[in-house]
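Peer 1: I have a structure I would like to understand better, so I am pasting it below and will then ask my questions one at a time.
The values are calculated or read from the model by the stated rules, or taken from the named source; none is laboratory data. These numbers were taken from a predicted model, which means no experiment stands behind them. As a convention, Cβ positions derive from the backbone with ideal geometry for all residues, glycine included, and neighbour counts pool all protein chains shown.
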Amino acid sequence: MSMTGKAWKFGDDISTDLIAPGRLFHLRSNLLELAKHVLEDADPQFAQKMQPGDFVVGGNNFGCGSSREHAPTIIKLAGVSAVLAKSFARIFYRNSINVGLPALICDTDKIEQGDELEVDLGQGTVVNKTKNVTLRFAPLPPAMIKILNDGGLLAHIEKHGGFKLD
Amino acid sequence: MGKTLAEKIIGSHASKEVTAGEIALVSVDVCLTQDGTGPLAIRQLQKINLEKAANPKRTILFLDHAAPSPRRELSNDHITIRKFTEKTGACLSEVGEGVCHQIITESYLNPGDILIGADSHTCTGGALSAFATGMGSTDVAVGIALGKTWLRVPETFKVEVNGKFQPGVYPKDLILHLIGMIGADGATYKALEFCGETIEKMSMSGRLTLSNMAVEAGAKAGLIASDETTKKFLQAQGRGSKFRKISVDKDAVYERVIRIDASELVPVVAFPHTVDNVKPIHDAKGVKIDQVFVGTCTNGRLEDLRVVVDLIKGRKKHPKTRMIVVPASKAVYLDAIKAGYIRELVEFGASILAPGCGPCVGVHEGILGDGEACLATMNRNFKGRMGNPEGFIYLSSPATAAATAIKGEIADPREFFAKKKPVKRTPIKAKKRKR
């Protein structure tokens, strides 16, 4: 399955406070509304300017900080098709897979703001069409592939009546 | 082959012995959510008709991040949480009871347990020799309903600390020093295992500070072997019979060993906007501070308040610096009242708030104004953390916070100790930093 879109480039250490700010804590039970402010404190324009299907591209330690699942959830609700980074913070990575947002580890130094990307989850590739460069992303652990393929953790549990990760 | 604490505890909850790198399906002993993450967990269970708790008496839903609630939407979230506990028999920790990680260790968690919590600082429980780790709402929701989760067994970094702290240096300085050294992602996916003479002699309160901040180096858990200190702590909480000896095997395999001489450490401060932006006090002195905040799961315990009270005795708070103090739990608050600390803090000029997270999460009770700086005993200083991306957060020990409240700018607590001149271990020129 192939996804295409524009890259929105962010730096290192994009925290969950930058993704889903604490001052908007009261919107946690209104995720569609909170999604309108996604990444606002990192880039005030992002939520308004991005198009469904675009990619969020970070550096190191993307998603550091809180365990708030709201962070990857609102990135997905905003229409982002995948998050790419050189490395992810642990809880964000696991949450991202749980909510069905692919989190892909690759050399994002080769991606700049506005580059057109084509991501193939099956092939494991990220093609930077603007720069004519093909990157490979690190394979997900098998347990996480199962969860992602089932559509996220809740769908996995409902489908199998419990965990089925072998 | 010998096992690390992580391998031991996870193995005892899986159907087999485990080694770092393996995936294990484990039974879960304790689950927690807080009021920011609980409502989403509940809605997820409602979506798949699984609104139940496998272990209701060890499933606790806390109201602490927005407690008392500052807004209608959050009050409605609190109602959602209360209804869930009524329906399932799970435990509710009400507004004013205190911070989840403090109460979990006071009242629920035991050595050898697996605790999963919908809050990143769930790793605090590692000080009680439990495998305690933070996860998202859906993971914890499934843990609540099914009593199970899956874990990748982490590799372990051994953090061996020997030597005695110099006066004015505390466990908070140690953990900030470590994070500054290895970086905010230096231990991502790993378990930290704290050991050595300094740890053995450390109070449970100090150990909780260390484990609490393991996640700020990216770690999955921050574990400490159980011992007499653990036993005495459990006895004091009325859970002495729950003590178990959880110790490390001598031939356990570690990915990395980090050795620290505690006697070499100085007070440190984490500068905005990352926890690993740690500088020695010499480099921090003189930064003007508008608000000092003492509290949180990191440093909101009786021992922390005692350090503050001892330092401020007979001194006055700086007129241009506000001070907020939040006891981490009702039990801490009551003990602090009995000890006379609350009176001393109020007379000094501090505002005492209801036990809970207070201004830590930027939801209420101490949000910063544009350009303002706060020095806090909390665990995270990301941009916008305290409710205003135009604010600046510095992290320190309670002693450094108390000294700062007196001077109105970041100050070296050692200058307030009688007689002995502070020993300068690192010859660093003090610089005035621009914000």
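Peer 1: Could you look through region A:1-49, keep only residues that are in contact with a strand residue (DSSP E or B) (Cβ under 6 Å, 6 or more places away or on another chain) and among the aliphatic types (A, V, I, L, M), and pick out the one that is nearest to B:D276 (Cα to Cα)?
Peer 2: A:I14
Peer 1: Picking from B:L353, B:L302, B:L311, which residue would you name as being in contact (Cβ under 8 Å) with a residue 24 or more places away in the chain and either in contact with a strand residue (DSSP E or B) (Cβ under 7 Å, 6 or more places away or on another chain) or within 29 Å of A:I19 (Cα to Cα) (or both)?
Peer 2: On the way: B:L302 fails: either in contact with a strand residue (DSSP E or B) (Cβ under 7 Å, 6 or more places away or on another chain) or within 29 Å of A:I19 (Cα to Cα) (or both); B:L311 fails: either in contact with a strand residue (DSSP E or B) (Cβ under 7 Å, 6 or more places away or on another chain) or within 29 Å of A:I19 (Cα to Cα) (or both).
Selected residue: B:L353, the only one of B:L353, B:L302, B:L311 that is in contact (Cβ under 8 Å) with a residue 24 or more places away in the chain and either in contact with a strand residue (DSSP E or B) (Cβ under 7 Å, 6 or more places away or on another chain) or within 29 Å of A:I19 (Cα to Cα) (or both).
Peer 1: Here's a follow-up. Against the conditions (1) within 14 Å of chain A (Cβ to nearest Cβ); (2) closer than 30 Å to A:E158 by Cα, where does B:T19 fall short? Just the number, please.
Peer 2: (1)
Peer 1: List pairs: first in region A:27-45 and within 9 Å of chain B (Cβ to nearest Cβ) and under 17 Å from B:T37 (Cα atoms), second of a type in the set (A, V, I, L, M, F, W, C) and outside any loop (DSSP other than H, G, I, E, B), Cβ under 8 Å, 6+ apart or cross-chain?
Peer 2: What qualifies is A:L27/A:L34; A:R28/A:L34; A:R28/B:L40; A:S29/B:L40; A:L31/A:I74; A:L31/A:L77.
Peer 1: Can you tell me which residue is nearest to the other protein chains (Cβ to nearest Cβ) among those in region A:128-149 that are under 11 Å from A:C106 (Cβ atoms), surrounded by 15 or more Cβ atoms within 10 Å (Cβ to Cβ) and more than 15 Å from the chain's Cα centre (by Cα)?
Peer 2: A:L135
Peer 1: Right, here's the next one. Considering only residues that are surrounded by fewer than 17 Cβ atoms within 10 Å (Cβ to Cβ), part of a helix (DSSP H, G or I) and facing chain B (nearest Cβ under 9 Å), which ones fall in region A:156-166?
Peer 2: Answer for region A:156-166, where residues must be surrounded by fewer than 17 Cβ atoms within 10 Å (Cβ to Cβ), part of a helix (DSSP H, G or I) and facing chain B (nearest Cβ under 9 Å): just A:E158.
Peer 1: Taking B:G218 as the residue in question, decide whether it is more than 29 Å from A:R90 (Cβ to Cβ) and outside the structural domain of B:P398 (by TED's automatic domain parsing). Working first, answer last.
Peer 2: Details: more than 29 Å from A:R90 (Cβ to Cβ): no; outside the structural domain of B:P398 (by TED's automatic domain parsing): yes.
The answer is no for B:G218.
Peer 1: Sticking with this one: Cβ-Cβ below 8 Å, separation at least six or inter-chain, first residue in region A:99-120 and assigned to a loop (DSSP other than H, G, I, E, B), second of a type in the set (D, E): which pairs?
Peer 2: Pairs that qualify, where the first residue is assigned to a loop (DSSP other than H, G, I, E, B) and the partner is of a type in the set (D, E), are A:V99/A:E69.
Peer 1: Additional query: From the residues in region A:1-26 that are free of Cβ contacts under 8 Å to residues at least 40 places away in the same chain and outside any loop (DSSP other than H, G, I, E, B), which one is farthest from the other protein chains (Cβ to nearest Cβ)?
Peer 2: Among those residues, the one meeting the criterion is A:L24.
Peer 1: Going by the structure shown, is A:I145 among the hydrophobic types (A, V, I, L, M, F, W, C), outside any loop (DSSP other than H, G, I, E, B) and at pLDDT below 95?
Peer 2: Criteria met by A:I145.
Peer 1: Among the residues of region B:36-76, which ones are in a loop (DSSP other than H, G, I, E, B), more than 9 Å from chain A (Cβ to nearest Cβ) and within 16 Å of B:G134 (Cβ to Cβ)?
Peer 2: B:D64
Peer 1: While we're on this one: So which strands (runs of 3 or more DSSP E) stay within region B:82-167 end to end and still have 2 or more residues that are within 13 Å of chain A (Cβ to nearest Cβ) and on the phi < 0 side of the Ramachandran plot?
Peer 2: B:114-118, B:131-134, B:148-152
Peer 1: Something else now. Can you report the number of residues in region A:63-96 which are part of a loop (DSSP other than H, G, I, E, B) and more than 8 Å from every other protein chain (Cβ to nearest Cβ)?
Peer 2: Within region A:63-96, residues that are part of a loop (DSSP other than H, G, I, E, B) and more than 8 Å from every other protein chain (Cβ to nearest Cβ) number 6.
Peer 1: Taking B:K8 as the residue in question, decide whether it is surrounded by 20 or more Cβ atoms within 10 Å (Cβ to Cβ) and of a type in the set (K, R).
Peer 2: yes
Peer 1: Which of the residues spanning region B:294-306 are of a type in the set (A, V, I, L, M) and surrounded by fewer than 24 Cβ atoms within 10 Å (Cβ to Cβ)?
Peer 2: B:L302
Peer 1: Sticking with this structure for a sec: Working only within region B:213-232, note down all residues that are surrounded by 24 or more Cβ atoms within 10 Å (Cβ to Cβ) and not aliphatic (A, V, I, L, M). I'd like the intermediate steps shown before the answer.
Peer 2: From region B:213-232, those surrounded by 24 or more Cβ atoms within 10 Å (Cβ to Cβ) are B:213-224; that's our starting set.
Passing the criteria: B:E216, B:G218, B:K220, B:G222.
Peer 1: So which of B:I260, B:I199 is modelled with pLDDT of 95 or more, surrounded by fewer than 24 Cβ atoms within 10 Å (Cβ to Cβ) and β-branched (V, I, T)?
Peer 2: Going through B:I260, B:I199 in turn, just one is modelled with pLDDT of 95 or more, surrounded by fewer than 24 Cβ atoms within 10 Å (Cβ to Cβ) and β-branched (V, I, T): B:I260.
Peer 1: A further question follows. Pick out the one residue from B:V215, B:V248 that is modelled with pLDDT under 95 and outside any strand (DSSP E or B).
Peer 2: B:V248
Peer 1: Could you check region A:148-158 and list, in sequence order, the residues that are over 13 Å from B:L50 (Cβ atoms) and among the charged types (D, E, K, R)?
Peer 2: A:D150
Peer 1: Which of (1) closer than 26 Å to B:I352 by Cα; (2) not assigned by TED's automatic domain parsing to the domain that holds B:P359 does B:G300 not meet, given it meets every other one?
Peer 2: The failed condition is (2).
Peer 1: Sort out which residues of region B:168-191 are within 14 Å of chain A (Cβ to nearest Cβ) and under 22 Å from A:D12 (Cβ atoms), and write them in order of number. Please lay out each step first, then the result.
Peer 2: First pass over region B:168-191, keeping only residues within 14 Å of chain A (Cβ to nearest Cβ): B:179, B:182-191.
Residues satisfying the conditions are B:I179, B:I182, B:G183, B:A184, B:D185, B:G186, B:A187, B:T188, B:Y189, B:K190.
Peer 1: May I pose another question? Residues to consider are B:A270, B:A252, B:A284; find the one that is closer than 22 Å to B:A187 by Cβ, over 18 Å from the mean Cα position of the chain (by Cα) and in contact (Cβ under 8 Å) with a residue 40 or more places away in the chain.
Peer 2: B:A252
Peer 1: Then there's this: Applying the selection to region B:175-203, what residues are among the charged types (D, E, K, R), closer than 16 Å to B:S120 by Cα and in contact with a Lys or Arg (Cβ under 7 Å, 6 or more places away or on another chain)? Before you say what the answer is, go through the steps one by one.
Peer 2: Here is the first cut: in region B:175-203, the ones among the charged types (D, E, K, R) are B:185, B:190, B:193, B:197, B:200-201.
So of that shortlist, the ones also closer than 16 Å to B:S120 by Cα come out as B:185, B:190.
B:K190 - this is the single residue of region B:175-203 that is among the charged types (D, E, K, R), closer than 16 Å to B:S120 by Cα and in contact with a Lys or Arg (Cβ under 7 Å, 6 or more places away or on another chain).
Peer 1: Here's a check for you: in region B:355-373, which residue that is more than 10 Å from chain A (Cβ to nearest Cβ) and over 18 Å from the mean Cα position of the chain (by Cα) is nearest to B:D64 (Cα to Cα)?
Peer 2: B:E365
Peer 1: Let me ask something else. Which pairs turn up if I take residues in region B:215-232 that are under 17 Å from B:G186 (Cβ atoms) and look for partners that are of a type in the set (D, E) with beta carbon separation below 8 Å, at least 6 apart in sequence or on another chain?
Peer 2: B:E216/B:D276; B:A217/B:D185; B:A217/B:D276; B:G218/B:D185; B:L223/B:E193
Peer 1: Against the condition more than 25 Å from A:E112 (Cβ to Cβ) and aliphatic (A, V, I, L, M), how does A:L27 come out, does it pass?
Peer 2: Yes: the conditions hold for A:L27.
Peer 1: Name every residue in region B:360-417 that is within 18 Å of B:K313 (Cβ to Cβ) and surrounded by 24 or more Cβ atoms within 10 Å (Cβ to Cβ), in order of residue number.
Peer 2: Matches in region B:360-417: B:S397, B:P398, B:A399, B:T400, B:A401, B:A402, B:A403, B:T404, B:A405, B:A411, B:P413.
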